[in-house]
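Asker: Before I ask anything, let me first share the structure, which is written out below as structure tokens.
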Amino acid sequence: MSVDKGIFRRRQRQAEVFDYHTGEPSPTPWKSDEQIDRYVPTHCCYCGVQCGMYLKVARGKVVGVEPRADFPLNHGMLCPKGSTAYQTVNHPDRLTHPLMRRHGKESPLERASWDEVLDTIATRFRALQDQYGKDTVSIYSGSSMSNEKCYLMGKFARVAVGTRHTDYNGRLCMSSATGANERSLGIDRAANPISDMLHADCIFVIGANVGECFPIVTSYLWQARDKGCKLIVADPRQTPIARTADIFLPLRSGTDSALLNGMLHVIIKEGLIDEDFIRERTTGWEETKALVEQYPPERVARVCGLKPEAIIEAARMYGRAKAALIYTARGLEHQSKGVDNGVTAANLALATGNFGRPGAGYGTLTGQGNGQGGREMGQKASQLPGCREVDNPEDRAYISSVWGIDEKDLPHSGYPATLMIPAMLRQEIRACFMICSNPMVSLPDQHTVERALRGLDLFVVTDFFLSETAELADIVLPGTTWAEDEGTITSLEGRVIKYNKAVEPPGEARRDWEIVCDLARRLGKGQYFDFHSPRDIFNELRLCTRGAKSDYWGITYEKIDAQNGVFWPCPDLDHPGTPRLYEQRFGFPDGKARFHPITYVPPAEEPDEEYPLVLTTGRVIYHYLSGNQTRRVPFLKAQAPYPWVEMHEQMAQRLGVIDGDWVTVRSRRGELTAPALVVRSIRPDTLFIPYHYGHTQAVNQLTNPVLEPMMKIPEYKVCAVSATRAAQKPDWANDEDTQALLEAGRKRHELPSAQARANPVLR
Ligand code: SF4
């Protein structure tokens, strides 16, 4: 789909376009928009907000981007990542032909033909499976891919490869939210469209750096504030939105459930619960009420490192609102108690009747582009498409009938991504087909991960850049960017939208779904993968989700275009979609939500004499996930070229460090050296290091691989470390880059509001 360039005549420019990094004429020059051949409506390839944009195409190349004013979420805005996303499409680092190590692990990756690599993969997978069993091959997939590709990977694993070990990188990202949603509400989706923020009297953001991770959502917060909405923010760092919050709670990392229990305690004491809602629409209240009796503000204040009055004030502000929203993200979820934390947030919203109305709800902000759809499409270890369960007899029977296979040939649940690593070390898994994932940056305890991946008999990676993980592969398959294919994505709202193809893949790169279908044919299962387009795949996935919780049956490509996206569930073609969940019923058979009493349990690793500090990790606005794309975009790289160690000035004084000194941070698992950024916007007992970097710059050399028991997500947000001035800078240190990094950091932290409100309610 493309639009006539005539509608853009009002935007035509006469001047030559200059590259805004260098001031030189653009390397992909065009004199004005007159020379643009097509404007292709699509969406940003990065975060779960999925802002609408046009890709500008000239002479068969993507040469620029324009925000779409007609898309109802971003209304013509893009953040720094979105406005430069097009620069990855023609990037010189793109992989344009298959690569293979022909003479063992130590030999170099050499150019190969598609026939050679695909035949090799099929032959070796079959040989390994003959010798060690079907499950010796694993599939490790991603959630930045379209729904069609995510769906295809689950089917490929179970039907073409026949393994039970299939999982995806959303395990590291969205899985705590899934666990909490499923336990408390029965449906794994945000309860509200983002526009509901404009109807809220109070918004409580806990563990979500909205300004940097979901930048365009910030505009909804400001609009809500303009209408009088109160804002509460809980985070160990004074994030951009925290600077102007009515109440900022700089809690200790890993104490979220204590804070939420404490707020519920106050809300009960002050008579702010919604008794009718609790009686009519929930179960399990009495047990939760009894449990939170043990969380008076004074106790919670000691656990969280806050003042009791701040907890009371926040509880009153939230509890007195007529309509209140809670938003969480990885800060609350990247913990060994991540599911429990999400459940305590849902408890608070349920107790106050904050569901099913405009401006009332609870939701998690998805970090990956398709963090929502990717967790519904059946690529997860225990899941079939539509959030069906792979071990549920009815679900197995239905999906087997759609796929045309015998139900007994459908594998049962396998290892989640985080448990595949130890299985590789045990040689229970000896081969892996990986797509759209970079665990050599994203998994904790990097040295162990590297040993596991290097030890595989066959490691295949499909990507469009040679990521840190692809560097270790035996075979690398060049895939495609979002601009070179079409397909659907489900945004953080639960709105299904569509990418449209702008250009052809470069060189010999192939569309990911074509690679997977071709490999399925070579594995002798071609009859189950007779797809000729993403639309074919979408129509099959619609059928697979029919009648399921995430029901896409009533969604078509045409309807997505006509409505600017369709919210699931959408059970039939006449149905408009469901922007707001839980207006009548929750997702359990009796229609009622579940309270769960949650006892606060401290993080798995607490500071001690040897490692006396807390390390937390997270994103910065300039980078996306493992940085495999954004670290190649000049503007983004210039702002945040490598990691830094963010610390409070009191901590810096204690360590004898000044801004810009190089600091070595050590944990029980590894160490990292980076420049210190000294600020007043972080707890004095906590260090922060961004996680977008690889090799010796990876903070995941330090993080704790301990897993949440239900969903197996690692505890990225809390581990114990020590810090000292570095004896010497690492090889990659560069004075110019360090200066740029520190200047950008200071600009972010030296705003007047940052100084005025630094740590107002610390104990
Ligand atoms: Fe892209 Fe997210 Fe930025 Fe929107 S907010 S432009 S989707 S990265």
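Values quoted throughout were computed directly from the atomic coordinates according to the rules given, and no laboratory measurement underlies them. Note that the structure is predicted; figures quoted are calculated from it, not measured. No Cβ is skipped: glycine too gets one built from the backbone with ideal geometry, and neighbour counts run over all protein chains shown.
Asker: Per 0.36 nm of contour for each residue apart, how much would the distance between ASP391 and VAL601 grow if the chain were fully extended, relative to their Cα-Cα spacing?
Answerer: Extra length available between ASP391 and VAL601 comes to 72.5 nm.
Asker: Set the Förster radius R0 to 35 Å, insert the Cβ-Cβ distance between SER382 and GLU609 as r into 1/(1 + (r/R0)^6), and round the FRET efficiency to 0.05.
Answerer: After rounding, the FRET efficiency stands at 0.30.
Asker: What is the distance, in nm, between label points placed 7 Å from the Cα along the Cα-to-Cβ direction at ARG451 and at MET710?
Answerer: 3.2
Asker: For an R0 of 25 angstrom, estimate the FRET efficiency from the Cβ-Cβ distance between THR123 and HIS412 and round to the nearest 0.05.
Answerer: 0.40
Asker: Using a cut-off of 17 Å between alpha-carbon atoms, which lysines can reach LYS559, once sequence neighbours fewer than 8 places away in the same chain are excluded?
Answerer: In chain and number order, the partners are LYS498.
Asker: Right, something else. Per 0.36 nm of contour for each residue apart, how much would the distance between ARG426 and HIS91 grow if the chain were fully extended, relative to their Cα-Cα spacing?
Answerer: 116.7 nm
Asker: Dipole of the chain, Cα-centred, from +1 at each Lys and Arg C-beta and -1 at each Asp and Glu C-beta, to the nearest 20 debye?
Answerer: Dipole magnitude for the chain comes out near 760 debye.
Asker: At q = 0.26 Å⁻¹, what log₁₀ I(q)/I(0) does segment 312-385 have when each alpha carbon counts as one equal point scatterer in the Debye sum?
Answerer: Rounded to two decimals, the profile gives -1.19.
Asker: How far apart, in nm, are the 7 Å Cα→Cβ label points at PHE588 and ARG632?
Answerer: Label at PHE588, label at ARG632, 4.8 nm between them.
Asker: Stokes-Einstein D for the chain at 4 °C, 1.567 mPa s, Kirkwood Rh over Cα pairs, in µm²/s?
Answerer: Answer from the Stokes-Einstein relation: 49 µm²/s.
Asker: Could I ask something else about it? Pull up the DSSP beta bridges for the chain and report the antiparallel fraction as a percent, rounded to 5.
Answerer: Bridges in the chain that DSSP calls antiparallel: roughly 50 percent.
Asker: With unit charges on the beta carbons (Lys and Arg positive, Asp and Glu negative) and the dipole taken about the Cα centre of the chain, which residue among GLY507, GLN50, PHE465 sits farthest to the positive side?
Answerer: Farthest towards the positive end: GLN50.
Asker: Mind running the shape call on segment 43-140? Use the C-alpha gyration tensor, a ≥ b ≥ c as the square roots of the eigenvalues: rounded below 1.5 for a/c, prolate if a/b tops b/c, oblate otherwise.
Answerer: Cα axes put segment 43-140 in the prolate bin.
Asker: Ok, one more. From the square roots a ≥ b ≥ c of the eigenvalues of the alpha-carbon gyration tensor of segment 613-757, which class results: rounded (a/c under 1.5), prolate (a/b over b/c), or oblate?
Answerer: Rounded.
Asker: Can you compute the modelled spin-label distance between TRP732 and GLN650, with each label point 7 Å from Cα toward Cβ, in nm?
Answerer: According to this spin-label approximation, the distance is 3.3 nm.
Asker: Could you tell me what a quarter of the Cα convex hull surface of segment 554-674 works out to, in nm² with one decimal place?
Answerer: Over every viewing direction, the Cα hull of segment 554-674 projects on average to 14.7 nm².
Asker: Report the percentage of all Cα-Cα pairs in segment 497-544 whose separation exceeds 14 Å, rounded to a whole percent.
Answerer: Across segment 497-544, Cα pairs with separations above 14 Å total 61 percent.
Asker: Assuming a ≥ b ≥ c are the square roots of the Cα gyration tensor eigenvalues, decide whether segment 508-604 counts as rounded (a/c under 1.5), prolate (otherwise, with a/b larger than b/c) or oblate.
Answerer: Oblate, because a/c is 1.5 or more while a/b does not exceed b/c.
Asker: Could you compute the net charge surrounding THR664? Neighbours are other residues with a C-beta less than 12 Å from the C-beta of THR664; K and R count +1, D and E count -1.
Answerer: +1
Asker: At 0.36 nm per residue, minus the direct Cα-Cα distance, what do THR283 and SER533 gain on full extension? Give it in nm, one decimal, please.
Answerer: 85.4 nm
Asker: In the chain, which longest range has no GluC sites (Glu not before Pro) that are both DSSP loop (not H, G, I, E or B) and surrounded by at most 15 other Cβ atoms within 10 Å?
Answerer: 294-507
Asker: Additional query: Between their Cα atoms, which of LYS227/LYS592; LYS230/LYS712; LYS149/LYS717; LYS105/LYS134 are more than 28 Å away from each other?
Answerer: Pairs exceeding 28 Å: LYS227/LYS592; LYS230/LYS712; LYS149/LYS717.
Asker: Choose one of HIS447, ALA177, ILE273: the residue whose Cα lies farthest towards the positive end of the charge dipole of the chain (beta-carbon charges +1 Lys, Arg; -1 Asp, Glu; about the Cα centre).
Answerer: Final value for the positive-end residue is ILE273.
Asker: On a straight-distance basis, which aspartates and glutamates could pair with LYS269 in a cross-link, Cα separation under 19 angstrom, same-chain partners fewer than 8 positions away excluded?
Answerer: GLU286, GLU287, GLU293, GLU298, GLU309, GLU313
Asker: Normalised by the residues of the chain, what does the relative contact order come to in percent, with Cα pairs under 8 Å and at least six apart?
Answerer: 18
Asker: Right, another one. For every other residue with a beta carbon closer than 10 angstrom to the beta carbon of ILE232, add +1 if it is Lys or Arg and -1 if Asp or Glu, then tell me the sum.
Answerer: Around ILE232, the surrounding residues sum to -1.
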